[in-house]
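**Q** First the structure, then my questions, so here it is.
The values are calculated or read from the model by the stated rules, or taken from the named source; none is laboratory data. Just so it is clear, the structure is predicted and the values come from calculations on it, not from any experiment. Neighbour counts are summed over all protein chains in view; Cβ atoms, including those assigned to glycine, are modelled from backbone coordinates with ideal geometry. Quick note on the areas: whole protein, heavy atoms, side chains included, nothing else; ligands and nucleic acids left out. Shrake-Rupley method; radii C 1.70, N 1.55, O 1.52, S 1.80 Å.
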Amino acid sequence: QLQLVESGGDLVQPGGSLNLSCVASGFTFDYYAIGWFRQAPGKEREGVSCISSTGQRTYTADSVKGRHTLSRDNAKNTVYLQMNSLKPEDTALYYCAAHRNPSSNFCALIPQPYYSWGQGTQVTVSS
């Protein structure tokens, strides 16, 4: 069984912080690149941040650079997205996704390469 479970979404005020978690099970986590994506109603799914299997490469979208930090703990099969200085435009359903590639530098912010997806966790930023 290949499974990803997101958690940590909540309702916060602008300027607040959240820490999203993506916990994987059923496969060798060390071999998978992980991407975070978000989708708001009526909008296309967009890449937020990604991290390679070893954590040696990350890529973050311009919209969240300087505010969000991605990290992974392979011993816990978990990827974290620390979200600071949240803005209303960050409101969306956030998904994590996995793509098997043991390369230390594979990372992509497009959804097509990823074939395992979680159910999503809702982030709402509103005053």
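**Q** Report yes if some residue within the stretch 105-126 is touching a residue at least 40 places away in the same chain (Cβ under 8 Å), within 24 Å of residue 13 (Cα to Cα) and among the hydrophobic types (A, V, I, L, M, F, W, C); otherwise report no.
**A** So far as the stretch 105-126 goes, yes, one or more of its residues are touching a residue at least 40 places away in the same chain (Cβ under 8 Å), within 24 Å of residue 13 (Cα to Cα) and among the hydrophobic types (A, V, I, L, M, F, W, C).
**Q** Also: I want to confirm something. Restricting to the stretch 44-92 and keeping residues that are outside any loop (DSSP other than H, G, I, E, B), touching a residue at least 60 places away in the same chain (Cβ under 8 Å) and aliphatic (A, V, I, L, M), which single residue is farthest from residue 115 (Cα to Cα)?
**A** 83
**Q** Of all residues in the stretch 83-115 being modelled with pLDDT of 95 or more and of a type in the set (S, T, N, Q), which is nearest to residue 46 (Cα to Cα)?
**A** 91
**Q** Moving to a separate point now. So which residues in the stretch 56-73 are touching an Asp or Glu at 6+ places or on another chain (Cβ under 9 Å), open to solvent by less than 40 Å² (accessible area, probe 1.4 Å) and not β-branched (Val, Ile, Thr), if there are any at all? First the steps, then the outcome.
**A** Within the stretch 56-73, the first condition is being touching an Asp or Glu at 6+ places or on another chain (Cβ under 9 Å), and the residues that meet it are 61, 63-64, 67-68.
Still in the list and also open to solvent by less than 40 Å² (accessible area, probe 1.4 Å): 61, 64, 67-68.
Within the stretch 56-73, 61, 67, 68 qualify.
**Q** For the stretch 15-43, name all the residues that are surrounded by fewer than 16 Cβ atoms within 10 Å (Cβ to Cβ), at pLDDT 95 or above and in contact with a helix residue (DSSP H, G or I) (Cβ under 9 Å, 6 or more places away or on another chain).
**A** 40
**Q** Just to be sure I understand the filter: pairs with C-beta atoms under 7 Å, separated by 6 or more residues or on different chains, first member in the stretch 18-40 and among the acidic types (Asp, Glu), second member modelled with pLDDT of 90 or more and open to solvent by less than 30 Å² (accessible area, probe 1.4 Å). Which pairs pass?
**A** Pairs found: 30/53.
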